[in-house]
Amino acid sequence: MIKWLTPDAYYDSIYAINIDDLSKQGIEGIIIDLDNTLIPRDKKDTPSRLIEWLDNIEKNDLRLCVVSNNKHSRGKAISEKINRPVVSMARKPSRSAFKKALDILKTPEDKTVVIGDQIFTDVMGGRRMGLKTILVVPLKGKDFFTTALIRRLEWRILRRLIKDNRLQKNKGLQLR
Ligand SMILES: [Mg+2]
């Protein structure tokens, strides 16, 4: 069970991830969560820092697709703002939305990484698909009420993973 919940890396934020390093490790595609990973869940702003970060992905010859459990209206609005594909109503950790994203990216599973702020949706969903996964500390957006409950359990799992030395923060992708 624990292997389904253990990400390959853990960072303070998306900005701490070394995209150049991912590219050097053969990663070609990024499937990324929206709420509290890219943008706080209760916000729509796309700061210039975020746009620069997104541009840097393509500069490193990687492709990116956003996969969100949020509704289509938010997905569409953000997709237009950042000018990148967003698959919404994803129901992560179910596989279907990840398959859709892989279809859009056209990258092989073993060269695609999932980035997200939640163990039970992003990490578990990615692991089920055989993708590499990167967990980030959630942005401070207001959580959906069930998410707030799940977070408590996620914090306990994280503390355990760090204590057992299965995970270290900001250490780069630990390929298995
Ligand atoms: Mg999220």
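Brief remarks follow.
- For the range 47-60, the Karplus equation 6.51 cos²θ - 1.76 cosθ + 1.60, evaluated at θ = phi - 60°, returns couplings of x, 4, 4, 5, 4, 4, 4, 5, 4, 5, 5, 5, 4, 8 Hz by residue, with Gly and Pro reported as x.
- Max mean-square fluctuation residue, GNM over the chain, Cα-Cα springs under 10 Å, options 141, 126, 116: 141
- The relative contact order of the range 2-163 comes to 31 percent, based on Cα pairs under 8 Å that sit 6 or more residues apart.
- Rolling a 1.4 Å probe over the protein heavy atoms of the range 2-163, with every protein chain left in place, gives an accessible area that is 51 percent carbon and sulfur.
- Dipole axis of the chain (+1 Lys, Arg; -1 Asp, Glu on Cβ), positive-most option in 65, 121, 133: 121
- Per-residue packing, averaged as other Cβ atoms within 10 Å, sorts the ranges 133-139, 108-114 into the order 133-139, 108-114, beginning with the highest.
- In this calculation the C-beta distance from residue 165 to residue 24 is compared with R0 = 22 Å, giving a FRET efficiency of 0.30.
- Computed with every protein chain present, the accessible area of residue 147 is close to 20 Å² [probe 1.4 Å].
- Label-point separation in nm, residue 150 to residue 44, each point 7 Å along Cα→Cβ: 2.5 nm
- Exceeding the 20 Å Cα-Cα cut-off - candidates 3/163; 43/142; 92/171; 100/142; 24/59: 92/171; 100/142
- When the chain is treated as a Gaussian network with alpha carbon springs shorter than 10 Å, the biggest mean-square fluctuation among 16, 97, 148 belongs to 148.
The values are calculated or read from the model by the stated rules, or taken from the named source; none is laboratory data. Quick caveat, the model's predicted, so the values are computed rather than measured. Counting neighbours? That spans all protein chains shown, and the Cβs are built from the backbone with ideal geometry, glycine included. Surface areas here come from the heavy atoms of the whole protein model, side chains and all, with no ligands, DNA or RNA. Shrake-Rupley method; radii C 1.70, N 1.55, O 1.52, S 1.80 Å.
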